[in-house]
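Visitor: Supplied in structure tokens, the structure appears directly below.
The values are calculated or read from the model by the stated rules, or taken from the named source; none is laboratory data. Predicted model, so just to flag it, every value in this text is computed and none were measured. All Cβ positions, glycine included, derive from the backbone under ideal geometry; neighbour counts span all protein chains shown. Heads up: the accessible areas ignore ligands, DNA and RNA and are worked out on the full protein's heavy atoms, side chains in. Shrake-Rupley method; radii C 1.70, N 1.55, O 1.52, S 1.80 Å.
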Amino acid sequence: MAKYTVCTVLDMVAGQYGRPFFAVSEGSALRGFADEVNQNTESMLYKHPSDFQLFMLGEFDDATAQFELISPPKLIVSGAAVVNRPE
């Protein structure tokens, strides 16, 4: 049994949040977001990192099927803050 972090990515240019996703923890969501920004050359996050922000929406408990949402969503990091590419 575990609680999963529920996250979403905001596209500031489009003015909309993406489909929510589950991560094992806030840290693992951050790592996945940073990988998209820095490694997936086909991704919009890679091409325009400053246009995106990662937010936490709350938690999902897989033992009870209950969501614990937070309002407002918590900003975890902006795409520009995690850019780390070799020159």
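Visitor: On the basis of being part of a helix (DSSP H, G or I) and of a type in the set (Ser, Thr, Tyr), does Ser28 make the cut?
Guide: Yes: the conditions hold for Ser28.
Visitor: If you don't mind, there's one more thing I want to ask. Would you check which residues across region 70-87 are surrounded by 11 or more Cβ atoms within 10 Å (Cβ to Cβ) and outside any helix (DSSP H, G or I) and list them?
Guide: Those that are surrounded by 11 or more Cβ atoms within 10 Å (Cβ to Cβ) and outside any helix (DSSP H, G or I): Ile70, Pro73, Lys74, Leu75, Ile76, Val77, Ser78, Val83.
Visitor: Scan region 1-24 and report the pairs whose first residue is within 16 Å of Val77 (Cα to Cα) and charged (D, E, K, R) and whose second residue is open to solvent by 30 Å² or more (accessible area, probe 1.4 Å) and part of a strand (DSSP E or B), with Cβ atoms within less than 9 Å and a gap of 6+ or a chain change.
Guide: Listed by first residue and then by second, the contacts come to Asp11/Tyr17; Asp11/Gln53.
Visitor: Quick one: Ser43 ticks every box in (1) more than 21 Å from Ala2 (Cβ to Cβ); (2) surrounded by fewer than 17 Cβ atoms within 10 Å (Cβ to Cβ); (3) touching a residue at least 40 places away in the same chain (Cβ under 8 Å) bar one, so which box is it?
Guide: If we test Ser43 against (1) more than 21 Å from Ala2 (Cβ to Cβ); (2) surrounded by fewer than 17 Cβ atoms within 10 Å (Cβ to Cβ); (3) touching a residue at least 40 places away in the same chain (Cβ under 8 Å), just (3) comes out false.
Visitor: Determine, yes or no, whether Phe67 is within 10 Å of the chain's Cα centre (by Cα), of a type outside the set (A, V, I, L, M) and open to solvent by 70 Å² or more (accessible area, probe 1.4 Å).
Guide: For Phe67, the condition - within 10 Å of the chain's Cα centre (by Cα), of a type outside the set (A, V, I, L, M) and open to solvent by 70 Å² or more (accessible area, probe 1.4 Å) - is not met.
Visitor: Related question: Please tell me if Phe22 is open to solvent by 40 Å² or more (accessible area, probe 1.4 Å), more than 19 Å from Asn84 (Cβ to Cβ), of a type in the set (A, V, I, L, M, F, W, C) and part of a strand (DSSP E or B). Talk me through it step by step, then tell me what you get.
Guide: On the way: open to solvent by 40 Å² or more (accessible area, probe 1.4 Å): yes; more than 19 Å from Asn84 (Cβ to Cβ): yes; of a type in the set (A, V, I, L, M, F, W, C): yes; part of a strand (DSSP E or B): yes.
So Phe22 passes the test.
Visitor: I've got another one for you. Does region 33-51 contain at least one residue that is at positive phi and at pLDDT 95 or above? Walk me through it before giving the result.
Guide: Of all residues in region 33-51, those at positive phi come to none.
No, region 33-51 has no match at all.
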